[in-house]
Every structure is written in structure tokens, then in C-alpha cells.
Amino acid sequence: MVHFRTDIAVTNPHVGDNNDSYAKELETDVLIVGAGFGGVYLMHKLRQLGFNCKIYEAGKELGGIWHWNCYPGARVDTQVPIYEYSIPEVWKDWTWSEKYPGFQELRAYFEHVEKVLDVKKDVAFDTRVVGAHFDKPSSKWIVETEDGRTAKARYLLLATGFAAKRHFPDWMGIDTFKGEMHHSSFWPDAGVDVKGKRVAVIGTGSTGVQIAQETAKTAASVTVFQRTPNLSLPMRQAKLTKEEQQKGKSEYPKIYKNRMTTFAGFQYDFADRNTFDDTPEEREAFYEERFKNGGFEFWLANYKDLLFDKKANTEAYNFWAKKTRARISDPVKRDILAPLTPPHAFGTKRPSLEQNFYELMDKPENEVVDIKKTPIVEVTETGIKTEDGKVREFDVIALATGFDSVTGGMKNMGLKDIDGIQLSEKWKTGTWSYLGMTCAGYPNMFFLYGAQGPTAFSNGPSCVECQGDWIVDAIKKLKEEDIKYIDVTKEAEEEWRRKVTEISDKTLFPGTSSWYMGANVPGKPREQLNYAGGIPLYEKECREALDNGFQGFITA
């Protein structure tokens, strides 16, 4: 059967003391939903301006995705210090143990953030929002929680993240499995003992790759059920010393300033030339250097036409396939994991960063099943049955089946517009927003790291700080100009959707069925869910709207 996570220890120290965040009827200037990178950043910045802020958080700790993520091998795919706040009082006394930290260290980071910023006194944990509507007479948001509490706030800020709603497959017999079955985002906090056990991993997104790579170290066998190969890149993990980090801290302000000038908010950017500007020898050396450096360099510091020109993209894919196939001795697995023909344009699905995934999958006890050729038809009491009639038996099944990404979280919390229409209804046939931070019919509501922002095409903290600063500046401006009410025009929404689509259509992204395009959830509209123009252009667009007297907004 599918197990839901119920064993996370409640570590919130404020229940029952003077923390009024749990009030039956809460009144506040700003209510933030979500206590991950985005929610904590908004809280910190708005507090500095004197606003009374509260956070409602469904989990039991700060950290957002890093509170929920504890599956085997869970770690960030952006290296530090790029993947952290640019807040000096937070980074000055914090050091990491490795370039790409695992979930335990990210949880420790949020404990440090709490010590420095004192966030929890204004957070209500174990609080799930089930309804929210704007009350016109009072110009306030009325927000309802699952356990019957109510909050009233002038501003509602959604920091629910892009992976807030899990996606479960609807296979026959999924409830009959007698072993252990867990979705990656509901993994037991205490872990699952896989030593000497037969493990199935369903899915080869970043999560699937991480689970397979980690469990294969101790499991008797790991069977990966793959629909599409993950064009994984070498992580090049490395240990970090406290001394070298402390020595480099004088450069941090410059590093944080620079990351906002790059397309994806990383420390590197696309090369200022096209693939075929170089000779074949120069190209080979260029690719080799990116690959050797590891991380996302082969993706986001590649030639500038990588994501626009099919021929250029195939050139990069061929190099990737050559390097990857050389690591796999089994010819059947080699063709499934790294086929000679590209399964899709390289980089139009997010690559995972791996350490020894291919070597581990190559081991004879492990198997890779191509479920495009032989789909899963049923889960039995003892294992998984595929279309060819074969039943493979397992002790543990890991569902790395992903999320109703980017829009799922906001559509799942009972948000209603001023006419009482649910956001889930409004976005049924497609997504509309303005600047990837606001929606028509939802006055005084802002969101970040969600639909039609740079979200999935960016480093999380870079996107959060770019959008967070804009939201904070907008609220500050509203207060200074004594504007009680701000809403978006339908025309501004239509224009932003057109812009997001137009930018995307110039790239190779629409040609690939990915969660970027909403293609991983049956029945979800196929559309570009992210702004593909890069952080600098995005920031320029947003700043112009603010500086030109709330262009695209109705104010009162």
C-alpha cells in the first residue's frame, strides 16, 4: 500500500506559548503561505519595513521542499554559495561541508536561518490553507485553514513553490502492494531500510536518478522503470573546508550581484557564440571543458544557440551520448539510458546531476525497464506487472512520479477571485498571470516561484530574491502612495501570456513533452509554464511595470 508520512517529529516550540500565529481569528497586514526560501525571504524583507507578517505553513518546520524532501540521495543540484540567501547576516557565519549539499545539511541551514532571522515566532505550522477570497467591503483577504481557523490580511502572498502538489499514477492494484511503497515527497523521515532488498524506482526525473543512485549502494537490486531517459550530467561533487569558504566570503557580495546578471541566476552563463562558429576541434575542447567542470555548465554555459537551433542541439547531444555510453558496458542498458538518437532536444527537460548513476545501473543485479515499450499495467501484492505479462517482485517501491508542477499548488488551495470563481476553474484551460506574480481578479495578492516566472529555468534563491524584492517594493510603494487596492487588468494578463508563449516558441522547449510544458499530468493543458527569457530580461520587464506607475494594474 502507499504510505503517507506521519512520523515527522513536531519541533515547533511555539505551540501553546505567546505565538499568536495560531489564533482562531488572526488579523495581520500580510499573510504569507509557505515557509520555504520564498516565504522566509518575504517575511524578513517586509518585517524590515515595519509590516506585521504571519506565515501559514503546512509542514512542521521551515525549509519548504527541504522539509519534505528526505528520500534517499535527496540533494540540491545547484552548488553553494549560489544556492543560498544573499542576506549578509545569514551567510557570514555559515559554511557547508560539500559543493552540493544533501537534505540534512539544507535542514541545518534553515535552523541557522531561524537563529539569525527569528522567523518561527510568526509562523503557524501544521496549517493547511483550504480557502481564500477577497472581501471587497473591508479590502482584506479572508483565509481559511483545514482546522477551521480564519485569517484576515490586507495582502496575501503565496510562496507555495513549484512542486507543492504531488502527482500519483492511477495504476490498477496500487493499493494492494504488500511491501513498502512511498512517493518521493512522502518518504518517511526515519528512512527506509533497503539493505539486501529488491527496490523498484518508478521515474527518471532528478528524484528518480537520486533514489536509484543512493539505494543501489546497499539494495540487493534496483529496477528503474524509465519512460524517458534522463540526460544526466556529472555533478563533480567535492568536499568543502570551513577555511576556504571563510576566506572567499569577501567575494560573496560580488557573487550574489553577478548571479542576477546571468540567464538562469547561476555563476555562469551561455557562451557568446554559436555552436558552428567554432571548428570541430574547438567545439570538442569547449564541450570537454564544460563536462569536466560539471554541474549545469554543459547545459547553461554552453553555446548560446543550444536551446534554439536543432542542429546545434544535436551536436551537444552527440557529445553527451558519447561520454555517457562509454560508462555503460551492458549494450541493452546503454541503448535505453543513452540512446544514439536524441529522445528529445538536450536541455529541454531538466537534466539531473549524477555522481555514479550509470556505473551503478550497469551492474548485472540492476535492471532498467523501458516502459514506453512495455508499460506498467498493474501493481500486484508482490510487485509490478508490465504489458508483456512479466511480473517483477519487489520489497520496496519508490514513486518518483513527480508533481503537478508550477501551477498545481496554487490550484489546490481553494483560491477564489472577486466573482467567487476558483483559480482551479480559471486555469483549467490554461494559465494566465501578469509578470508571473499577480492574477486578474485577485486584488492585493502576489505569488513567487510559480507560473509564468523564471521559476524552473532558474536557480531557486535567485528567482526568489528577484521576485521577492519586486513584491516587497510594490507593497512599500502601495503603502507610501496610500493605495488600498491593486488588481491586474485582463489586457495585461493576456499580453503577458502572449509574451511568455512567444519567447518559448523561439526555443526548442515546445517540441518536448515535459513538466515545463505541463505534459507530465494527464489532462493538463499543454503550454509553457515558465518565462524563458532569462532573469535579467524578466527583471527589466517587472521593474518597468512598477516604475511606470503600476503599469498593467488597476489601483484605488
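Among the numbered conditions (1) more than 26 Å from Leu240 (Cα to Cα); (2) touching a residue at least 60 places away in the same chain (Cβ under 8 Å), the only one that Arg75 does not meet is (1).
Can we say Ala321 is farther than 26 Å from Lys363 by Cα, among the small types (Gly, Ala, Ser), in a helix (DSSP H, G or I) and outside the structural domain of Gly453 (by TED's automatic domain parsing)? Spelling it out, it is not the case that Ala321 is farther than 26 Å from Lys363 by Cα, among the small types (Gly, Ala, Ser), in a helix (DSSP H, G or I) and outside the structural domain of Gly453 (by TED's automatic domain parsing).
Taking the stretch 228-253 as the search range and keeping residues that are of a type in the set (Lys, Arg) and surrounded by fewer than 16 Cβ atoms within 10 Å (Cβ to Cβ), which one is farthest from the chain's Cα centre (by Cα)?
Within the stretch 228-253, the subset of a type in the set (Lys, Arg) is 236, 239, 242, 247, 249.
With surrounded by fewer than 16 Cβ atoms within 10 Å (Cβ to Cβ) added as a condition, the list becomes 239, 242, 247.
Numbers: Lys239: 25, Lys242: 28, Lys247: 31 Å.
Selected residue: Lys247.
The set of residues from the stretch 196-210 being out of contact with any helix residue (DSSP H, G or I) (no Cβ under 6 Å at 6 or more places or on another chain), closer than 16 Å to Asn69 by Cα and of a type in the set (Ser, Thr, Tyr) comprises just one member, Ser206.
Identify, please: which residue in the stretch 198-218 is of a type outside the set (Val, Ile, Thr) and more than 18 Å from Val369 (Cβ to Cβ) and is, among those, farthest from the chain's Cα centre (by Cα)? Among those residues, the one meeting the criterion is Lys217.
Name the single residue that is farthest from Tyr100 (Cα to Cα) among those in the stretch 171-204 being small (Gly, Ala, Ser) and surrounded by fewer than 24 Cβ atoms within 10 Å (Cβ to Cβ).
Here is the first cut: in the stretch 171-204, the residues small (Gly, Ala, Ser) are 173, 179, 184-185, 190-191, 196, 200, 203.
Within this subset, residues satisfying the condition of being surrounded by fewer than 24 Cβ atoms within 10 Å (Cβ to Cβ) are 173, 179, 185, 190-191, 196.
On the way: Gly173: 38, Gly179: 32, Ser185: 20, Ala190: 22, Gly191: 21, Gly196: 28 Å.
Filtering first and then ranking leaves Gly173.
Taking Val369 as the residue in question, decide whether it is assigned to a strand (DSSP E or B) and either under 25 Å from Arg227 (Cβ atoms) or among the charged types (D, E, K, R) (or both). I'd like the intermediate steps shown before the answer.
Numbers: assigned to a strand (DSSP E or B): yes; either under 25 Å from Arg227 (Cβ atoms) or among the charged types (D, E, K, R) (or both): yes.
So Val369 fits the description; yes.
Of all residues in the stretch 447-459, which are over 14 Å from Leu435 (Cβ atoms) and either surrounded by fewer than 23 Cβ atoms within 10 Å (Cβ to Cβ) or not small (Gly, Ala, Ser) (or both)?
Residues of the stretch 447-459 that are over 14 Å from Leu435 (Cβ atoms), as a first pass: 456-459.
Across the stretch 447-459, the qualifying residues are Ala456, Phe457, Asn459.
Within the stretch 39-92, if we keep just the residues that are of a type in the set (Val, Ile, Thr) and modelled with pLDDT of 95 or more, the residue that is surrounded by the most Cβ atoms within 10 Å (Cβ to Cβ) turns out to be Val40.
Among the residues of the stretch 204-247, those that are farther than 25 Å from Ala326 by Cβ and part of a loop (DSSP other than H, G, I, E, B) comprise Thr218, Ala219, Ala220, Leu240, Thr241. Looking across the stretch 388-432 at every residue that is outside any loop (DSSP other than H, G, I, E, B) and over 26 Å from Ile142 (Cα atoms), the one that is modelled with the lowest pLDDT is identified as Phe403.
Scanning the stretch 282-300 for residues that are out of contact with any helix residue (DSSP H, G or I) (no Cβ under 9 Å at 6 or more places or on another chain) and of a type in the set (D, E, K, R) gives Glu282, Lys292. Apart from one condition, Leu156 fits all of (1) under 17 Å from the mean Cα position of the chain (by Cα); (2) buried (at least 22 other Cβ atoms within 10 Å of the Cβ); the exception is (1).
Quick one: how many residues across the stretch 324-366 are charged (D, E, K, R) and outside any helix (DSSP H, G or I)?
Step one: list which residues in the stretch 324-366 are charged (D, E, K, R), which gives 325, 327, 330, 333-335, 349-350, 354, 359, 362-363, 365.
Now narrow it down to the ones that are outside any helix (DSSP H, G or I): 327, 330, 349-350, 354, 362-363, 365.
Within the stretch 324-366, residues that are charged (D, E, K, R) and outside any helix (DSSP H, G or I) number 8.
The values are calculated or read from the model by the stated rules, or taken from the named source; none is laboratory data. Predicted model, so just to flag it, every value in this text is computed and none were measured. A quick note on method: Cβ atoms are made from the backbone with ideal geometry, for glycine too, and the neighbour counts reach across all protein chains shown.
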